[in-house]
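The values are calculated or read from the model by the stated rules, or taken from the named source; none is laboratory data. Since the structure is predicted, the reported quantities are computational estimates derived from the model, not experimental observations. When we count neighbours, we look across all protein chains shown, and the Cβ atoms used for this are built from the backbone with ideal geometry, even at glycine. With ligands, DNA and RNA removed, areas are computed over all heavy atoms of the protein, side chains included. Shrake-Rupley method; radii C 1.70, N 1.55, O 1.52, S 1.80 Å.
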Amino acid sequence: MPAKRIDGTALAAGIKAAAARDAQKLAEQGVRPRLAVFLVGDDPASAIYVRGKEKDCAESGIESVVERLPADTSEETLLERIYAENSNPHTHGILVQLPLPKQIDESRVIEAIDPAKDVDVFTPENVGLLQIGRPFLLPCTPAGCLHMIQSTGIDLAGKEAVVVGRSNIVGKPMAALLLAQNCTVTMCHSKTRDLAAKCASADILVAAIGRAKMITGDMIKPGAVVIDVGMNRDENDKLCGDVDYATASEVAGFITPVPGGVGPMTRAMLMANTIKAAGRLSAAFGL
Ligand code: NDP
């Protein structure tokens, strides 16, 4: 039987609608949730992502302020702009669109963001809170993946989960979230031996690699939940994931498509995080 498709677009619409309702409640208390976005340089993909975030904010009742800075912006200038938003009581979320131009150290920039406004959940403080099981906000892409896994209704306790990819943005926090759900988690990467066998042992398989269609049907356990984080271009320049959907969907129990899977969920989780940060900060400010 072909796999059930997990519809990220539909699930994301529900999350954004809930965020919009929460934004309305904050507005009734005189608080307008506000997200400050920094876009440095003219990377076309980054510009598209930022426009998407502006649209999501508009639909979710969040004011978005995008500061577009030239490609030769110095690290000092960007840091100064971040510090200004850190101390602006009307700003509840701060996001720096990555990647940054070469002259700017990404780590220093991320570390400059006030953890209370770190809606991407990239700062060391928030990463640490996630690892010790006390997160305030959940990182957007892994949280979106977890939401999709939970939408299948499968009991996660004791399940074998395999995460392929160990980036700070996706793989590592994904493993932490699955562990917190009592899965037995295996993390794989480019030095993993016999990746196919590891994948084939997974009840839940998350692919966050960045290699078009690398995970094929023969690497998947029958009935598994397969979450495809990858965003790649295939040989015809068409958007595709890390999973070969055609063969994988013949074997998996549930599978996410690309596009229409993890991408919209990531964007929706950012809206939810911004509203949550606004709620906490406005309470802290007594607004
Ligand atoms: P990174 O490049 O930071 O990490 C890729 C990971 O994959 C690394 O850990 C790497 O291992 C591992 N890897 C690479 N080749 C292999 C291989 N042959 N076998 C096993 N593991 C391998 O990527 P990201 O985590 O940032 O992103 C992964 C993908 O997800 C990309 O396509 C990206 O565009 C997409 N993405 C999508 C998002 C969305 O919202 N839909 C959000 C974020 C990312 P090693 O550490 O050993 O090098």
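Couple of notes before you dig in:
- 5 angstrom amide H check on Val96, placed H, neighbours 5+ away: Phe38
- Taking the chain as a Gaussian network of alpha-carbon nodes connected by springs under 10 Å, the highest mean-square fluctuation of the residues Leu177, Leu69, Leu130 belongs to Leu69.
- Segment 140-262, accessible surface, carbon-and-sulfur percent (1.4 angstrom probe): 51 percent
- Å² per residue, accessible surface of the chain at 1.4 Å: 47 Å²
- Screening the chain for whole DSSP H helices with an alpha carbon extent of at least 20 angstrom along the helix axis and a mean Kyte-Doolittle hydropathy of at least -1.0 yields 8-28, 44-60, 262-284.
- Size of electric dipole in the chain: Cβ of Lys, Arg +1 and of Asp, Glu -1, about Cα centre, debye, nearest 20: 620 debye
- Positive-end residue of Ala45, Leu146, Pro70, charge dipole of the chain with Cβ unit charges: Leu146
- Taking amide H atoms as placed 1.01 Å from N in the peptide plane, the amide H of Lys4 lies under 5 Å from those of Phe254, Ile255, each 5 or more residues away in sequence or on another chain.
- One chain, two ends: Thr216 and Glu160. Fully extended at 0.36 nm per residue, the span grows by 18.3 nm beyond their Cα-Cα distance.
- Value at 222 nm in deg cm²/dmol, rounded to 500, when DSSP H runs of n ≥ 4 in the chain each add -39,500 (n - 2.57): -13000 deg cm²/dmol
- Reachable lysines from Lys198, criterion Cα separation under 18 angstrom, eight or more residues apart if same chain: Lys159, Lys172, Lys213, Lys221
- Partner aspartates and glutamates for Lys53 [C-alpha distance under 16 Å; skip if fewer than 8 residues away on the same chain]: Asp43, Glu63, Glu67, Asp118, Asp120
- Percent of alpha-carbon pairs separated by more than 24 Å within segment 168-287: 34 percent
- At q = 0.09, 0.11, 0.13 Å⁻¹ the log10 of I(q)/I(0) for segment 33-162 amounts to -0.31, -0.45, -0.62, computed by Debye summation with a single uniform scatterer per C-alpha, solvent ignored.
- The distance linking segment 101-119 with segment 126-165 is 23 Å (Cα centroid to Cα centroid, whole angstrom).
- Among Asp22, Asp43, Asp194, the largest mean-square fluctuation in a Gaussian network model of the chain (Cα springs under 10 Å) belongs to Asp194.
- Computed over protein heavy atoms with a 1.4 Å probe, the carbon and sulfur contribution to the accessible area of segment 31-115 reaches 52%.
- Qualifying lysines (Cα of each under 18 Å from Cα of Lys55; at least 8 residues distant if same chain): Lys16
- Charging the Cβ of each Asp and Glu at -1 and of each Lys and Arg at +1, and nothing else, the dipole of segment 31-115 about its Cα centre rounds to 300 debye.
- Annotation: Lys221 carries an accessible surface of approximately 70 Å², with a 1.4 Å probe and no ligand, DNA or RNA atoms counted.
- Rg ratio (alpha-carbon, reference 2.2 N^0.38 Å) - the chain: 1.01
- With Cα atoms defining each centre, segment 192-249 and segment 31-51 are spaced 30 Å apart in the structure.
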